[in-house]
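The values are calculated or read from the model by the stated rules, or taken from the named source; none is laboratory data. Because the structure is a prediction, the values reported are computed rather than measured. Cβ coordinates were reconstructed from backbone atoms using ideal geometry, including for glycine residues, and neighbour counts include every protein chain displayed. These accessible areas exclude ligands, DNA and RNA; they are computed on the full protein's heavy atoms, side chains included. Shrake-Rupley method; radii C 1.70, N 1.55, O 1.52, S 1.80 Å.
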Amino acid sequence: QAMASSHVICEINQGGPARRNRAPNIERKNALLAKKNALIARLKELRTEKFDKFAIKGKLDKEIESCSEAIQKKRKQYYDIKAPLQYTQETPLLSTVRRLQETLRVNNFEARKEQRIVAEIDKLLRNQKELGRLNEVKKSLDQEIEKRDALKKQCAEIRSQISKLVQEINSKSGELDKVTDDLVPVLQLAPRNSPQQSGTGTTVRSPSSNP
């Protein structure tokens with residue numbers, strides 16, 4: 001047994017089969033550790049990017065909410081102005097005004113009837129002023145809706161990017177789990193420093209040399 005122990009010690013110190021058999025394990029351990037570190041770094045990048053995307057999405061959600069509130073108010077304002085109006089288009093309104101004015105010009109009505117026609121013309125002219133307000137509110141409403149639609153489109157793109165990031169994070173996490181599992185037996189087989197390792201070789205005790 002003493003001769004066998006000396007033979008093993010000699011082979012290890014001289015880079016014999018015992019040491020050469022362990023070399024592939026060391027190489028595999030280093031490769032797996034490098035891959036693990038790369039995956040950890042990539043996961044950190046992906047999670048940071050996902051965090052940033054969620055921050056952008058949160059900001060967009062608030063802007064969309066603000067636009068929706070503005071749209072609701074402008075839409076109510078629009079219908080409040082529109083409800084009492086006899087005309088919502090300027091061309092037929094002006095046509096009616098001109099017709100009534102022409103009627104007054106070519107006819108001699110009694111005072112009461114003439115007053116009714118004049119009152120109708122005045123009402124239509126006020127309608128024309130309100131129609132200008134209605135068109136302004138409608139234009140502002142359309143702009144707000146267009147803005148919200150653009151924000152929703154951006155938000156949809158961000159959600160798609162987040163979804164892809166989550167998929168990649170899950171994929172890389174799976175790879176990391178596998179590499180970690182693969183490392184377990186390799187680390188158990190790989191040589192470790194011990195009080196018995198010194199200089200250029202490692203001393204292996206024979207079982208018979210134990211006290």
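Annotations
- Accessible area of Val184 (1.4 Å probe, protein heavy atoms only, ligands and nucleic acids ignored): about 80 Å².
- The residues packed around Ile64, meaning those with a beta-carbon under 12 Å from its beta-carbon, carry a net charge of +1 if Lys and Arg are +1 and Asp and Glu are -1.
- Å² per residue, accessible surface of the stretch 41-117 at 1.4 Å: 76
- For the stretch 92-185, convex hull volume per residue from C-alpha positions, Å³: 88
- Sum of side-chain charges, Pro84 neighbourhood, beta-carbon under 11 Å (Lys, Arg +1; Asp, Glu -1): +1
- Taking each of Lys62/Lys138; Lys82/Lys153; Lys44/Lys164; Lys36/Lys178 in turn, the alpha-carbon distance tops 19 angstrom for Lys62/Lys138; Lys82/Lys153.
- Sites Lys44 and Asp142 - FRET efficiency at Förster radius 45 Å, r taken between beta-carbons, to 0.05: 0.50
- Cα gyration tensor shape of the stretch 113-167, rounded if a/c is under 1.5, else prolate or oblate by comparing a/b with b/c: prolate
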